[in-house]
1. Six or more apart or on different chains, Cβ atoms under 9 Å: show the pairs whose first residue is in the stretch 313-326 and part of a helix (DSSP H, G or I) and whose second is of a type in the set (Lys, Arg).
2. Against the condition under 19 Å from Ile136 (Cβ atoms) and within 20 Å of the chain's Cα centre (by Cα), how does Arg223 come out, does it pass?
3. Looking only at the stretch 278-326, how many residues end up being within 16 Å of ligand 1 (Cβ to nearest atom) and in contact with a strand residue (DSSP E or B) (Cβ under 6 Å, 6 or more places away or on another chain)?
4. Within the set of pairs 6+ apart or on separate chains, which have a first residue in the stretch 42-68 that is closer than 12 Å to Gly103 by Cβ, a second that is among the acidic types (Asp, Glu) and surrounded by 15 or more Cβ atoms within 10 Å (Cβ to Cβ), and C-beta atoms under 8 Å apart?
5. Given the options Leu10, Leu56, Leu23, Leu31, name the one that is within 14 Å of ligand 1 (Cβ to nearest atom), within 27 Å of Arg126 (Cβ to Cβ) and of a type in the set (A, V, I, L, M).
6. Tell me which residues, restricted to the stretch 278-292, are buried (at least 24 other Cβ atoms within 10 Å of the Cβ), in contact with a Leu (Cβ under 7 Å, 6 or more places away or on another chain) and closer than 19 Å to Tyr64 by Cα.
7. Which condition number does Ile264 fail, the rest of (1) surrounded by fewer than 16 Cβ atoms within 10 Å (Cβ to Cβ); (2) on the phi > 0 side of the Ramachandran plot being met?
8. Out of contact with any strand residue (DSSP E or B) (no Cβ under 7 Å at 6 or more places or on another chain) and over 26 Å from Phe53 (Cα atoms), is that true of Leu230?
Amino acid sequence: ADRAAFIAGLPKAELHLHIEGSLEPELMFALAQRNAVAIPFASVEEVRAAYAFSNLQDFLDIYYQGMGVLHTEQDFHDLTAAYLARAHADNVRHVEIFFDPQGHTTRGVAFATVIAGITRALDEARREYGLTSKLILCFLRHLSEADADATLDEALPFLGRIDGIGLDSSEVGHPPSKFARVFARARALGLKLVAHAGEEGPPAYVREALDLLHVDRIDHGNRSLEDPALVARLASEGMTLTVCPLSNLKLCVVGDMADHPLKIMLDAGLAATVNSDDPSYFGGYVGANYQAVADALDLSKAELLALARNSFTGSFLSDADKANHL
Ligand code: ES4
Ligand code: ZN
């Protein structure tokens, strides 16, 4: 109870959040009705029952299906506004949101519609809660680099609202090297760079993300721990890892929360952070992620404070803005 109050009171930044993964079943039903889209579920309970995954691909199949109810600017606004209200309730002061434009443009939804809806909600949260944000466009790595390049072309008119690019979706078989050229292009445009690596993929994929993509953060990074030299390098470079405990449990990256490597990461000097990834699908927002992993690993207040501080230092806020949070 003491730990719960401490976690609730900690100012946090969330650095690993797929906005489409915050689509709650209730909103999925409401949007399906509003847009006259058929969904293969009869009830909210049936949707939740379908959220049993044995690996990343199991989840991705249902995640891409779920986002099919999102059509209008209002839909993207309502999705984002619901997430931001929930994050604010968890004392999240800053959020860096991933979105998957290729999950929408391939269904005929315009890039501009997605951006307009998300950014309208971000602007409202800034005014209403003082909650600041950055927006990170993710490329779907199961698609080609040419598709990613075309998506970056579509983003060019909106670079005033897009702070960085990321790499997500099916990891194994789609190494960072596949996207070296489009990441170099984004880097030349001044965008921040992140990539999912070492969630299901080997430590070599984390090394590729560092050496070939020149990323500013590693999303997940769990399997880095299999390579002690890589761990030493990540620690010495102060590389932020955006770790997602409930995601790791739901996707069977860890078998039990008691086996979660977060404490090992901290003890190794890694700049780990705690994040919710796809909270609707994985069973909890950022506060619940802190709580679940802290209970399972018996994390101290000093460790929890370090995790929250890491979330601000690892953010893409300016040094002046970081200082206001630390
Ligand atoms: C994702 Cl947990 C995870 N891993 C890779 N890609 C994703 N897209 C949404 N959630
Ligand atoms: Zn993710």
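1. Listed by first residue and then by second, the contacts come to Thr313/Lys322; His325/Arg93; His325/Arg309.
2. No: the conditions fail for Arg223.
3. Residues that pass the stated criteria total 3.
4. Sorted first by the residue in the stretch 42-68, then by its partner, the pairs are Tyr63/Glu20; Tyr63/Asp278; Gly66/Glu20; Met67/Glu20; Met67/Asp100.
5. Values: Leu10 fails: within 14 Å of ligand 1 (Cβ to nearest atom); Leu56 fails: within 27 Å of Arg126 (Cβ to Cβ); Leu31 fails: within 14 Å of ligand 1 (Cβ to nearest atom).
Answer to the selection: Leu23.
6. Ser280
7. Just one mismatch for Ile264, condition (2).
8. yes
Values quoted throughout were computed directly from the atomic coordinates according to the rules given, and no laboratory measurement underlies them. The structure presented is a predicted model; accordingly, all values stated were derived computationally and were not measured. No Cβ is skipped: glycine too gets one built from the backbone with ideal geometry, and neighbour counts run over all protein chains shown.
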